[in-house]
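The numbers here are math on the coordinates, done by the rules we state, and not lab data. Computed from a prediction, not measured in an experiment: that's the story for all the values here. Cβ sites come from the backbone with ideal geometry, for glycine too, and all protein chains shown count toward neighbours.
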Amino acid sequence: MERKCLECNTIIYGRSDKKYCSDSCRNSRNNRLNSEVNKTIRKTNQKLRKNYSILLELRSEGINNIKKNDLLELGFYLNYFTHTQIDENKKACFYIYDLGYFKQNNMYFIIEKETSTKLL
């Protein structure tokens, strides 16, 4: 019985459990099958990286209070963060890795650095 490569459909020679004619075909097929998932992850990571760099830049300039509109004008994505913490006043702080922000009121955000990191 002839076996054919799952990627390029050429005849396969060698081991009976071989699925691809070469490493190149194996890599091409896996890259194609995983491309949608990788694209989504890549887009999310780009937004997280942008948010982190914005918070880092603001902190390095000594800015710890910023208006929501100013943050959005810098290209900040409010819905992209890595985790949240709720403080004793039941106020949510949104973190991008070790830098976080929380609403002071409806217009201002406070930027802070996480003091303790718990590893899962």
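Taking a straight Cα-Cα cut-off under 25 Å and skipping sequence neighbours fewer than 8 places away in the same chain, the lysines within cross-link reach of Lys4 are Lys18, Lys19. What you get for the chain, charging only the Cβ of Lys and Arg (+1) and of Asp and Glu (-1), is a dipole of about 600 debye around the Cα centre. Using modelled amide H (1.01 Å from N, peptide plane; none on Pro or chain starts), what sits under 5 Å from the amide H of His83, excluding residues fewer than 5 places away? Placed amide hydrogens put Tyr95, Tyr97 under 5 Å from His83. Within the P(r) computed for the chain, what percentage of the Cα pairs occupies the region above 25 Å? The share of Cα pairs beyond 25 Å in the chain comes to 47 percent. Only residues of segment 81-107 count here: report those whose backbone N is under 19 Å from the spot 7 Å along Cα→Cβ of Leu72, or say none. Once the point is set 7 Å along Cα→Cβ of Leu72, 81, 94, 101-107 turn out to lie under 19 Å by backbone N, inside segment 81-107. One chain, two ends: Ser35 and Glu57. Fully extended at 0.36 nm per residue, the span grows by 4.7 nm beyond their Cα-Cα distance. Rounded to the nearest 500, the helix-only mean residue ellipticity at 222 nm of the chain stands at -13000 deg cm²/dmol, with each DSSP H run of n ≥ 4 adding -39,500 (n - 2.57).
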